[in-house]
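Heads up: the structure comes next, in structure tokens.
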Amino acid sequence: MTSKILVDVGPRENRVALVEDNELVELYIERLVGDRLVGNIYRGKVCSVLQGMQAAFIDIGYERNAFLYVADAIPENENEKDKLIKRKGNKLAINDILKPGQEITVQVVKESIDNKGPRLTTHLTLPGRYLVLLPYADYTGVSRRIEDEEERKRLKHIIEKIKPEGMGIIARTAAEGKDEYEFVNDLNFLKKLWHTISQREQKGNVPRCIYTDLDLVSRTVRDMFTADIGRFIINDLKTAQKVMDLLDIISPSLKSRVEYFDKGYGLFDYYGIGTEILRALSKKVWLKCGGYLIIEATEALTVIDVNTGKYVGGKNLEETVVRTNLEAAAEIARQLRLRDIGGIIIIDFIDMYEQEHQQLVINELKKALKKDRTKTAVIGLTGLGLVEMTRKKVRQPLDSIMYTDCPNCHGTGKILNESQMQIKEIDSNPLVC
């Protein structure tokens, strides 16, 4: 598989595209005028504690109060947790942990979506190139995407050896194959960063931001630009130099793969990314075999319907259905990454009567989802034959970033027909969605 990262630096927004085998699979957009919150650490103040919801609302200086669930408020440190349990009992409630007016250090784990404020946690994480430092935890872990058991044991041995006392470490996917020297350098940087954050935590007005995560381009270099990426193409010379400086620190061997794009026209246009984006915003997605997907998002979940469309198959109906469903499974996994769809997802594959074929399609879906860096879980078939799965929701989906509700149809995407407009005495020249 050949992969490349395209970075389009613009005057109002930066865009990053991950392309695998000449297909767009991930797209990230960061507007320069807006504030990105995920990963930022704040010193906030508890505004209210809602026992009935087992959550608290925290003022972090954002336009909307952020919310903190009880599970994210319980201390990760076992000693602190045990002290709390001894005082309050085994079943900790949100009012056992937090009180109105209390100051608290929190990290944003989910952006503000729709009418909900940002979601917070007290379980802080500081990601580096190869490691994630957990200042308030005391355990070690290895990324689940590293599947080789011998490699997992090797990494586990190294990080347990270098783990700071009273803190935790997780080895990231990029740690695979790396040696102890590189981990120590990464860890030293993260420890210095935490020391700086700890000092900022002690003084200043509340609420305030005490740590801002890297911008989109720098995060892309840190989190996505690994040895399996063949080319890193960027259209801005100043930002390209910034990328090279960052690679000097974290991975000098990858500097030769950075290319400056200077062809006098758009980077995304040159590689056909604009067409792929329009496809990602369409409700109907055609498959190569002639079948198609219908993707409908609701507030509670996303529904995906698979249809044979123009595909008439070969020998028999079951073969036609299975082939369409297998191609649909791979495309669905790609669309989830590309559109950044999160939450509950229900997939209505074309009915298959052989249990062996049903399992074949589910296995294909799971296999395709392994490429997804966002956590996913395929639950299985429901009683109605629908596939149920979840995908972690961190950011706004792509359509929310690029679309806004129509003021005439109020978000339905439809307008009244001519006869109904006459009845309602609606203006005869409404805007068409």
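The values are calculated or read from the model by the stated rules, or taken from the named source; none is laboratory data. Keep in mind it's a predicted model, so treat the numbers as computed, not measured. Reconstructed Cβ throughout: ideal geometry from the backbone, glycine too, with neighbour counts over all protein chains shown. Quick note on the areas: whole protein, heavy atoms, side chains included, nothing else; ligands and nucleic acids left out. Shrake-Rupley method; radii C 1.70, N 1.55, O 1.52, S 1.80 Å.
State yes or no: is Asn14 open to solvent by less than 60 Å² (accessible area, probe 1.4 Å) and closer than 30 Å to Thr140 by Cα? No; evaluated as a whole, the condition is false for this residue. Filtered by the rule that a residue be within 20 Å of the chain's Cα centre (by Cα), modelled with pLDDT of 90 or more and surrounded by 14 or more Cβ atoms within 10 Å (Cβ to Cβ), the stretch 289-315 gives Ile295, Leu301, Thr302, Val303, Ile304. Looking only at the stretch 258-288, how many residues end up being in contact (Cβ under 8 Å) with a residue 12 or more places away in the chain, open to solvent by less than 70 Å² (accessible area, probe 1.4 Å) and not hydroxyl-bearing (Ser, Thr, Tyr)? Selection size over the stretch 258-288: 13. Would you check if Asp236 is among the charged types (D, E, K, R), under 30 Å from Asn65 (Cβ atoms) and touching a residue at least 24 places away in the same chain (Cβ under 8 Å)? No, not satisfied. Checked against the criterion of being modelled with pLDDT under 90 and not in a helix (DSSP H, G or I), the candidates Arg64, Arg87 yield just one match: Arg64. Looking only at the stretch 196-217, residues that are under 26 Å from Ala171 (Cα atoms) and either among the basic types (Lys, Arg) or surrounded by 15 or more Cβ atoms within 10 Å (Cβ to Cβ) (or both) come to 7 in all.
Considering the conditions (1) crowded, with 19+ Cβ neighbours inside 10 Å; (2) in contact with a Gly (Cβ under 7 Å, 6 or more places away or on another chain), Asn325 is excluded by exactly one of them, (2).
Surrounded by fewer than 16 Cβ atoms within 10 Å (Cβ to Cβ), outside any helix (DSSP H, G or I), modelled with pLDDT under 75 and at positive phi: does that describe Gly411? It is true that Gly411 is surrounded by fewer than 16 Cβ atoms within 10 Å (Cβ to Cβ), outside any helix (DSSP H, G or I), modelled with pLDDT under 75 and at positive phi.
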